[in-house]
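A.B. asks: The structure follows.
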Amino acid sequence: MKLYVPHVGHLEGLEDLLSGSDDIYAVYMAGSPDYIGTGRTNLSAPKLEEIAIQTEYAHDKGVKMEIILNSSCMGGQQLTPEGYRTIDWYFDKLNGIGIDSITVADPLFVEMLAKDYDMDVVVSVLSFVDSPQKAEFYEQLGATTIVIDPAVNRQFDKLESIRDAVSCDLKLLVNEACLYQCPFRYAHFNFFSHANGPGPKPNVLDDYYYFKCLSLRINDPQQLIKSPWIRPEDLKEYRHITDTFKIGGRTQFVNWILNAVDAYANESYEGNLMDLLDSIKDLKDHFFIPNSELSGAIEQWKRCDKVCHKCGYCKRLAEKIIRVYSQDEDGRCMVPLGSSGDRT
Amino acid sequence: MTITQDMLKARGALENKLRELLGIPVFLIEMDAFALPCGCGGITINTRGLQLDDLEVFEEHILKYFTETVTSLEIDPSFLFVRLIPGTSEIASINARMLCSNCYMDFARGSGKRPRPDIYILRFDSRE
């Protein structure tokens, strides 16, 4: 199994990360937002010299380095002569450093990288590859690897058709935990891309999309189950698709990342599944989802036709197993879903 | 005095000390007390005008002032840190956090001042 693991972005974090696990095949981090941003929040903005030092350190440890430049919107700057030259210059510098792979979302960058550089070209989840047709398109542009849109993580017919349609490598993001069919997905990633990219940066009041994302789950906890994460124990069900898995979590602590690496490397986790889910970390002290009680659910999802209002499996499962953290006279306790004021 | 009266007094006193120390118009725009579901509690002071360079030069003094502020609010000063705006030298907040056992492990793992690129630790008392 090849595990791609998030890295917070500074050398100290990389040293901690790589000293904590022997199961890491590659680490990934954002580059400098001065050239191409990324579609997610970052804790760092490493300069080229810092990337070079960290890449050398990772290579010394036998670990590959991937840079994430997966902005989903650059406002057209990439198509201007100045923008194109700047981006090409940055690619050239990263290539010179010895970066193993670059993850991008814009088809233009896939083609630029494939044509002129030695680095592997990885198509981001933010290219939303969810069909064999789209996969073929990116492969023809030069993709070395496609990270499949997690929205189809539980649609095995789609996954198998993508596998059959292309010969490039495939990668699955296991713990993003975004809402299934999230209505905010495009707007949110576009916002992040501007906030974490070359200016002008929006001076926002609040992240509306994130607040809505959390409140939707608090009001309707079945969304926590429907979200297309992959349990560590279920990786074996995906082996006929790929043996390459990506763990999300660039803004988490190293300790959190290592806990997730350990869970997915060992294909086992005892405890709260929320501990492993990246995008909803702010809810991990609100909900308890006993991972062991999800055993076997994959069999239902394998034959799921995604007509939730007729099926109701995830809703029933949520009501059965999810607990809510609360406080009583003795301190922290857990109460069943429904007795804590939720609106399901 | 009430909790908010104590906090109002503490905020203003710390702001004055920082301005006198650094000679620049540092603003402590908001002091918040927090209690998290995990069991952590403490205060966050949102700052404007404070830079990492200021901290690195005057760390000893700033740590002393902040420890006094925290102690005056009956908060254990065992974990004090600042949070940076990612990719910049701007300090977004100064924080005192009484860690729960789970969150303690997130910080106890590393040995340096920067467990994450956006965090600079002023004080961390290891537990037995």
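The values are calculated or read from the model by the stated rules, or taken from the named source; none is laboratory data. As the structure is a prediction and not an experimental result, all values here were calculated from the model. Don't worry about glycine lacking a Cβ; one is built from the backbone with ideal geometry, like all the others, and counts go over all protein chains shown. With ligands, DNA and RNA removed, areas are computed over all heavy atoms of the protein, side chains included. Shrake-Rupley method; radii C 1.70, N 1.55, O 1.52, S 1.80 Å.
A.B. asks: Evaluate the following for A:LYS212: is it within 24 Å of A:HIS309 (Cβ to Cβ), surrounded by fewer than 20 Cβ atoms within 10 Å (Cβ to Cβ) and at pLDDT below 95?
C.D. replies: yes
A.B. asks: Here is a further query. Can you tell me which of (1) free of Cβ contacts under 8 Å to residues at least 12 places away in the same chain; (2) closer than 25 Å to A:ALA135 by Cβ is the one A:GLY199 doesn't meet?
C.D. replies: (2)
A.B. asks: Follow-up question, since we're still on this one. Anything in the stretch A:61-76 that is on the phi < 0 side of the Ramachandran plot and either out of contact with any Phe, Trp or Tyr (no Cβ under 9 Å at 6 or more places or on another chain) or surrounded by fewer than 18 Cβ atoms within 10 Å (Cβ to Cβ) (or both)? List them, or say none.
C.D. replies: The answer is A:LYS61, A:MET74.
A.B. asks: List pairs: first in the stretch A:310-325 and touching a residue at least 60 places away in the same chain (Cβ under 8 Å) and among the β-branched types (Val, Ile, Thr), second open to solvent by less than 20 Å² (accessible area, probe 1.4 Å) and in a helix (DSSP H, G or I), Cβ under 8 Å, 6+ apart or cross-chain?
C.D. replies: If the second residue must be open to solvent by less than 20 Å² (accessible area, probe 1.4 Å) and in a helix (DSSP H, G or I), the pairs left are A:ILE322/A:LEU224; A:ILE322/A:ILE225.
A.B. asks: Kindly provide the set of residues from the stretch A:255-281 that are touching a Pro at 6+ places or on another chain (Cβ under 7 Å) and either buried (at least 20 other Cβ atoms within 10 Å of the Cβ) or aromatic (Phe, Trp, Tyr) (or both), ordered by number.
C.D. replies: Those that are touching a Pro at 6+ places or on another chain (Cβ under 7 Å) and either buried (at least 20 other Cβ atoms within 10 Å of the Cβ) or aromatic (Phe, Trp, Tyr) (or both): A:ILE257, A:ALA263, A:TYR264, A:TYR269.
A.B. asks: Taking the options A:ARG332, A:ARG343, name whichever one is at pLDDT below 95 and in contact with a helix residue (DSSP H, G or I) (Cβ under 7 Å, 6 or more places away or on another chain).
C.D. replies: A:ARG343
A.B. asks: Which number in (1) in contact with a Lys or Arg (Cβ under 9 Å, 6 or more places away or on another chain); (2) open to solvent by less than 10 Å² (accessible area, probe 1.4 Å) marks the one condition that A:VAL110 misses?
C.D. replies: With respect to (1) in contact with a Lys or Arg (Cβ under 9 Å, 6 or more places away or on another chain); (2) open to solvent by less than 10 Å² (accessible area, probe 1.4 Å), A:VAL110 is out only on (1).
A.B. asks: I'd like the full set of residues that are on the phi > 0 side of the Ramachandran plot and more than 13 Å from every other protein chain (Cβ to nearest Cβ), limited to the stretch A:234-262.
C.D. replies: Passing the criteria: none in range.
A.B. asks: While we're looking at this one, here's another question. Only residues that are modelled with pLDDT of 95 or more, surrounded by 20 or more Cβ atoms within 10 Å (Cβ to Cβ), among the aliphatic types (A, V, I, L, M) and touching an Asp or Glu at 6+ places or on another chain (Cβ under 9 Å): list them for the stretch A:13-57, please.
C.D. replies: Of everything in the stretch A:13-57, those that are modelled with pLDDT of 95 or more, surrounded by 20 or more Cβ atoms within 10 Å (Cβ to Cβ), among the aliphatic types (A, V, I, L, M) and touching an Asp or Glu at 6+ places or on another chain (Cβ under 9 Å) turn out to be A:VAL27, A:MET29.
A.B. asks: A:VAL324 is checked against (1) among the β-branched types (Val, Ile, Thr); (2) more than 14 Å from every other protein chain (Cβ to nearest Cβ); (3) part of a strand (DSSP E or B) and fails just one. What number does that condition carry?
C.D. replies: So A:VAL324 meets the others, but not (2).
A.B. asks: Among the listed residues B:PHE34, B:PHE27, which satisfies the condition of being farther than 30 Å from B:SER101 by Cβ, surrounded by fewer than 16 Cβ atoms within 10 Å (Cβ to Cβ) and not basic (Lys, Arg)?
C.D. replies: Every option except B:PHE27 fails the conditions.
A.B. asks: Is it the case that the stretch A:174-184 has a residue that's touching a residue at least 12 places away in the same chain (Cβ under 8 Å), buried (at least 21 other Cβ atoms within 10 Å of the Cβ) and of a type in the set (Phe, Trp, Tyr)?
C.D. replies: No, the stretch A:174-184 has no match at all.
A.B. asks: On to the next question. So A:GLN222 ticks every box in (1) open to solvent by less than 20 Å² (accessible area, probe 1.4 Å); (2) away from every other protein chain (no Cβ under 14 Å); (3) polar (S, T, N, Q); (4) farther than 23 Å from A:MET74 by Cβ but one. Which box is left unticked?
C.D. replies: With respect to (1) open to solvent by less than 20 Å² (accessible area, probe 1.4 Å); (2) away from every other protein chain (no Cβ under 14 Å); (3) polar (S, T, N, Q); (4) farther than 23 Å from A:MET74 by Cβ, A:GLN222 is out only on (1).
A.B. asks: Still on this model: Which condition from (1) modelled with pLDDT of 95 or more; (2) more than 11 Å from A:ILE36 (Cα to Cα) is the one that A:PHE109 breaks?
C.D. replies: (2)
A.B. asks: Does B:THR88 qualify as being more than 24 Å from A:ASN255 (Cβ to Cβ) and within 14 Å of chain A (Cβ to nearest Cβ)?
C.D. replies: Yes, satisfied.
A.B. asks: Can you tell me which residue is farthest from A:SER193 (Cα to Cα) among those in the stretch A:52-62 that are away from every other protein chain (no Cβ under 12 Å) and touching a Leu at 6+ places or on another chain (Cβ under 7 Å)?
C.D. replies: Filtering first and then ranking leaves A:LYS61.
A.B. asks: State which residue is surrounded by the most Cβ atoms within 10 Å (Cβ to Cβ) when the search covers only the stretch A:115-136 and only residues that are hydroxyl-bearing (Ser, Thr, Tyr) and part of a loop (DSSP other than H, G, I, E, B).
C.D. replies: That would be A:SER124.
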